[in-house]
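The values are calculated or read from the model by the stated rules, or taken from the named source; none is laboratory data. The structure displayed is predicted, hence computed values, not measured ones. Backbone-built Cβ (ideal geometry, glycine too); neighbour counts: all protein chains shown.
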Amino acid sequence: MAPANRRVLTTALGLLALFALTRPAPLRAQNVLVAADAYAQRVLLGANEVSGYRLVEATAVSAAGTDALAIRYVSFVADPPEVTKALGFTVYVFVYAAVDPAHRQITNIRNSGTEITGDGSRIAYRWDGSVGGADEAESFRFTVRSVDGRSLSGSGVGWRRQNVAFVLFAYSAPGHEVKQEALRLASLQNSKVTLVGTFTLPTPGQHAGPGATEESEFGEPAMLLLVAPRIGGAIVRDGTVVRAYIGGQVCGEGATIFGWTFLAVESRDTKPGCGAPGATVTFTIDGIPANETETWVVGSFARGLMLTSSSDQPSSGVLVRPVVSVRCRPAPGQAACSDIDERLWNGDLETWLAVFAKRGEEPSGGALLRAWARMRAERGEVLGGMVLAVLEGQPYTFINAVRYQPSDEFPDVYIEIANLGGDRPVGNWEVRTADDGVYIFPPDTVLGTGACRIYLSEEAAARGASACPGAVLSGGTLTPPGAVYLINDQGEIVDSVGF
């Protein structure tokens with residue numbers, strides 16, 4: 001890989017900080033505080049990286065009198081305003097020299113109370129439960145009362161990535177709930193942290209690691225995977241931990257949200273004993289060994305990977321939608337992918353940079369990831385649609401699973417509809433089967449983030465989990481071979497699967 005592009009990948013895992021195409025001064029020669037502040041600027045969400053919101057402020061805060069090396073925040077407002085979104089949100093980043101102060105900051109969220117800010121405003125907050133997706137993460141609700149009597153409420157999330165703490169405040173309109181939006185925005189910010197990487201203190205004489213050269217003084221970057229894990233053929237619960245191993249050593253881990261996770265597999269230069277070109281990577285899903293392995297490579301900013309557990313059964317009586325297409329899907333009207341399409345599909349950085357240069361567009365981190373996800377979504381891949389939905393805050397609704405054969409754990413057959421990215425009005429939408437079964441969503445039904453199931457009888461719906469409103473299929477038996485169609489209120493087929 002060309003040294004300039006290696007620096008791009010090292011600084012931002014190939015998605016961010018493309019300003020680094022000119023060689024920066026060696027990190028080991030920079031002042032610690034300057035390095036920490038530079039990291040804080042780089043890691044926070046920026047302009048045009050959050051669909052539906054406009055950046056209004058990006059500011060450094062004095063860290064004097066605190067344990068932090070650097071503190072910064074960014075603030076966004078909804079543009080245009082929508083009731084399904086927050087009025088706006090603010091994300092703070094606190095960069096520490098060690099893990100302990102970052103850990104204390106996040107665990108203190110559990111101690112509900114009131115704090116007084118420097119301008120005399122009062123922030124009352126109460127803990128609202130732990131969440132997954134980071135080293136540790138806590139949600140909370142808050143109300144801010146200013147000295148002139150005005151108040152603003154909302155939901156927030158605080159989380160830690162090694163020695164860096166993040167706190168996000170999402171502000172709500174009166175009478176509106178924004179917790180799910182706060183979690184989505186936190187996930188978006190957390191994804192950028194994964195792409196940029198965590199902060200490491202520069203030290204005099206710091207060595208990049210085995211195999212590093214003067215051409216790659218920052219060392220090789222981590223390998224970024226977008227992983228969709230399955231246990232027993234089913235999508236895993238949110239917060240499921242996926243770990244990557246090289247030579248028996250943990251070299252990366254991530255927790256799932258919406259059934260997938262970003263997983264950065266460290267290089268030997270950032271963590272001794274980890275990735276080197278050609279090394280074999282193995283995985284576990286909640287401690288269960290995965291069937292698949294991967295080869296550690298550089299030069300690709302995002303690769304899709306489906307992981308399945310060793311407990312998967314070939315005939316489980318359930319069709320679970322494949323989320324990741326490992327092989328490139330050809331564009332409509334094409335029989336096969338071209339060599340360039342293959343490289344774009346697998347997130348090859350140099351190929352994507354060439355595409356953006358040809359278009360005359362700036363290859364920002366957000367733009368690269370959106371273009372990669374859009375390419376995959378337009379070719380029918382579920383993961384591409386899911387990533388694009390989360391990035392842009394737009395609903396993505398699809399048939400997630402069809403259980404056509406009962407089991408001991410699931411005695412009833414069902415169709416599962418999933419939605420993520422934003423609320424989806426589905427009033428008068430239909431679910432139809434090839435054998436003339438039909439279910440119609442009641443008028444004014446709105447699906448939030450999550451999944452619901454449609455059963456064959458009222459009794460099954462009553463004892464089943466997560467039933468859709470009035471979730472009974474009229475006619476139809478879900479006997480294979482068959483097919484299921486999701487049809488919107490305009491009569492258009494939104495999604496279909498065969499089983």
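Scanning the range 67-98 for residues that are charged (D, E, K, R) and in contact with a strand residue (DSSP E or B) (Cβ under 7 Å, 6 or more places away or on another chain) returns 67, 72, 79, 85.
Name the residues in the range 387-403 that are in contact (Cβ under 8 Å) with a residue 40 or more places away in the chain and in contact with a Gly (Cβ under 6 Å, 6 or more places away or on another chain), would you? Within the range 387-403, 390, 393, 394, 395 meet the criteria. Return a yes/no flag: does the range 361-370 have any residue that is among the polar types (S, T, N, Q), over 22 Å from residue 79 (Cα atoms) and more than 13 Å from the chain's Cα centre (by Cα). Within the range 361-370, none of the residues are among the polar types (S, T, N, Q), over 22 Å from residue 79 (Cα atoms) and more than 13 Å from the chain's Cα centre (by Cα). Among the residues of the range 322-331, those that are farther than 30 Å from residue 42 by Cα and either surrounded by 19 or more Cβ atoms within 10 Å (Cβ to Cβ) or in contact with an Asp or Glu (Cβ under 8 Å, 6 or more places away or on another chain) (or both) comprise 323, 325, 328, 329, 330, 331.
Applying the criterion of at least 3 residues that are modelled with pLDDT of 85 or more and closer than 24 Å to residue 385 by Cα to the strands (runs of 3 or more DSSP E) found wholly in the range 453-499 leaves 483-487, 493-498.
Select from the range 452-462 the residues that are in contact with a strand residue (DSSP E or B) (Cβ under 6 Å, 6 or more places away or on another chain) and buried (at least 19 other Cβ atoms within 10 Å of the Cβ) and list them in ascending order. The answer is 452, 453, 454, 455, 461. Scan the range 476-499 and report the pairs whose first residue is surrounded by 13 or more Cβ atoms within 10 Å (Cβ to Cβ) and whose second residue is among the basic types (Lys, Arg) and in a loop (DSSP other than H, G, I, E, B), with Cβ atoms within less than 8 Å and a gap of 6+ or a chain change. Close Cβ pairs satisfying both conditions: 497/321. Considering the range 33-63, the residues that are modelled with pLDDT of 85 or more and in a helix (DSSP H, G or I) include one that is farthest from residue 75 (Cα to Cα), namely 39. Determine which single condition residue 157 fails, assuming it passes every other condition in (1) under 20 Å from residue 95 (Cα atoms); (2) aliphatic (A, V, I, L, M); (3) at pLDDT below 85; (4) in a strand (DSSP E or B). For residue 157, the failing item is (3).
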